[in-house]
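The values are calculated or read from the model by the stated rules, or taken from the named source; none is laboratory data. These numbers were taken from a predicted model, which means no experiment stands behind them. Glycine also receives a Cβ, built like all others from the backbone with ideal geometry; neighbour counts cover every protein chain displayed.
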């Protein structure tokens, strides 16, 4: 198999938590809590329950996803699936019988990379006044 064709499976009856990063395609048929990051495809099986933050190329849901989801290309919700949370994607496809509850931001396909970076960016805290003055003195030197 080529690197892009890789298939990772987290089997039914298992419980996972933490950070999952992968290339290619992964299918989850278990419970997962945490962050998932890939430019590839994530398939959420019918018995799966995922809670967390997902940043994926494509997402296909047969089970349950609860959290913050950003998909560069598309999200597909299959019959009897459920997605609850905040979603950023250029395309959302839903089968009859799929449930979506939450907030969605549809982005232009060409803006996908920029949206991906902005989705997970944190605002920097302002420096205290004394630190700003010393930084300004360094830049003026």
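Of the residues 96, 60, which is outside any helix (DSSP H, G or I), modelled with pLDDT of 95 or more and closer than 21 Å to residue 27 by Cβ?
Of the residues listed, the single one that is outside any helix (DSSP H, G or I), modelled with pLDDT of 95 or more and closer than 21 Å to residue 27 by Cβ is 60.
Is it the case that residue 80 is on the phi > 0 side of the Ramachandran plot and part of a loop (DSSP other than H, G, I, E, B)?
Spelling it out, residue 80 is indeed on the phi > 0 side of the Ramachandran plot and part of a loop (DSSP other than H, G, I, E, B).
Go through region 8-40 and report how many residues are within 14 Å of the chain's Cα centre (by Cα), at negative phi, surrounded by fewer than 19 Cβ atoms within 10 Å (Cβ to Cβ) and part of a strand (DSSP E or B).
Matching residues across region 8-40 total 5.
Yes/no per residue for (1) more than 25 Å from residue 29 (Cβ to Cβ); (2) modelled with pLDDT of 95 or more:
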residue: 52; (1), (2): no, yes
residue: 68; (1), (2): no, yes
residue: 88; (1), (2): yes, yes
residue: 101; (1), (2): no, yes
residue: 119; (1), (2): yes, no
residue: 125; (1), (2): yes, no
